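First up is the structure itself, then whatever we jot down about it.
The values are calculated or read from the model by the stated rules, or taken from the named source; none is laboratory data. Remember, it's a predicted structure, so these values are computed and weren't measured experimentally. Glycine gets a Cβ as well: all are built from the backbone with ideal geometry, and neighbour counts include every protein chain shown. SASA here: full protein model, heavy atoms, side chains in, ligands and nucleic acids out. Shrake-Rupley method; radii C 1.70, N 1.55, O 1.52, S 1.80 Å.
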Amino acid sequence: MKTIQHLLILSFVSISLFASCKKEKTEPESGNGLYDPVNVLNDNSGYEQLWDTTTAYGSLASITGYYVRDFTVDTRNRMHFVYHYREEHFRRSLDLSTRKVIPQHPDAAKEETLFGLDISGNYHREVELFKPYTNYYVGVFQSERSSFGFSKIYFKGDIQGSGELVHQFGRTELGFENVVVADFGNNANMYIGLNKKNDEDFNYRNKNTTVEKARPFPQSENLFYILCDARTSGKSLYIGLQNSSQLKAIEFDRNVSNTTGTLTATLNWTPPAGHAFTTAFRHYSADGTKLSFALLNYRTNPYRITTFSYNFTTKEFKKVVDHASLSYGREGSSEYLYDLDDEGNLYYAGYAENGTNDKGVSIYKISAGNTTSLVGKDNFLKFGRVAKLKYLHGKLYLAVTGTKTGTIVNQLSFIRQK
């Protein structure tokens, strides 16, 4: 496994301190060197370690550890990931066949350009994600709202530039191919033109991007916006909630008027009182024919999640997990610790032994009927904590972060379900 070492100039006192610290019994074997990565997995865990990096850059008083922005695995068995450690940012691609880091495409945004708009405090980050199953990295920022109630969208990463003014409470989403911004009046601003597949290694371009507005239903229907998936070619999809009782799936061509979409499916669903939910996250199959998404009830503790799946080919629209509680998860856990599969089943990181062991970590799956099962071994993690979890190509991939006991050496590891 590849270790990236960032040298830290330590005083003789600090080195002596590290040498004298007694390791805890829970510490894995760490090899001969201070920066050698440790084994993060218990025996027979059901997972395998893919790649590691360690560093101790920083001071004893101010260590924040690694932060994983996002990762994905493309259709050619290559993992792409972006992470940062303090003020340093890193973009890497890993050939999963050889476990070797490979060079970035010349058109890929450099590490130092991926971030920065939010440094001034005048912007907040809306999206910072890889387009599913590609090495195309999209960062979308939104300016602070003006006195007129509008904000402006700015793009960073592999797409550059700015978008139109949107309502201050607009929501930015990244679909299978394009960015969509939910705007005032349940309109969807679709940023089209990114999906020009003329390069297998870097198959998106940011030139000639156009903004198109979508509201493919009559004004009288007054659908409450749930999500929009904008396709460069083929049918796009709008999902809205009507009368707090039905979810409607409407497919539409981009070049038609806003009243000629085709209703393909209706699903009875009653949200929590007062629309107390948010669209937490979505997932696509590798070929883009299946979409699963989750609606999260943020007024419960722990959160309750309902998941849905939509098939672009068969037009089947169904509810999968029904108002399920993440009962084994830690309180206040973020969206980075759960994901969906192609069918809408829910996966999340929680405490081990059915939530009774808050020192251990297990991965749980909630299926239709709200049935919970383990993925891999109970209490599979020997070191660190789960920082991000994704379901890709039929397997779970996890980012694990931690600090080696008795040191200020931080480690980032990626692991995969066997």
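A compact table of results
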| item | result |
| --- | --- |
| Leu374 - accessible surface, heavy atoms, 1.4 Å probe, Å² rounded to 10 | 80 |
| Using a Förster distance of 51 Å, the FRET efficiency for Asn77-Ser220 (Cβ separation, nearest 0.05) | 0.55 |
| Contact order relative to length of segment 267-418, as percent, for alpha carbon pairs under 8 angstrom and 6 or more apart | 15 |
| Accessible-area value, Asp43, 1.4 Å probe, nucleic acids and ligands omitted, Å² | 110 |
| Whole-angstrom gap from segment 384-411 to segment 76-103, using each part's C-alpha centre | 14 |
| Over 29 Å between alpha carbons, listed pairs Lys290/Lys359; Lys318/Lys359; Lys319/Lys382; Lys319/Lys390; Lys110/Lys290; Lys315/Lys390 | Lys290/Lys359; Lys318/Lys359; Lys319/Lys382; Lys110/Lys290 |
| Rough spin-label spacing in nm, given labels placed 7 Å along Cα→Cβ, for Ser244 and Thr260 | 3.6 |
| Protein accessible area in segment 279-351, 1.4 Å probe - carbon and sulfur % | 41 |
| Length-normalised contact order for segment 346-413 - Cα pairs under 8 Å, 6+ apart - percent | 20 |
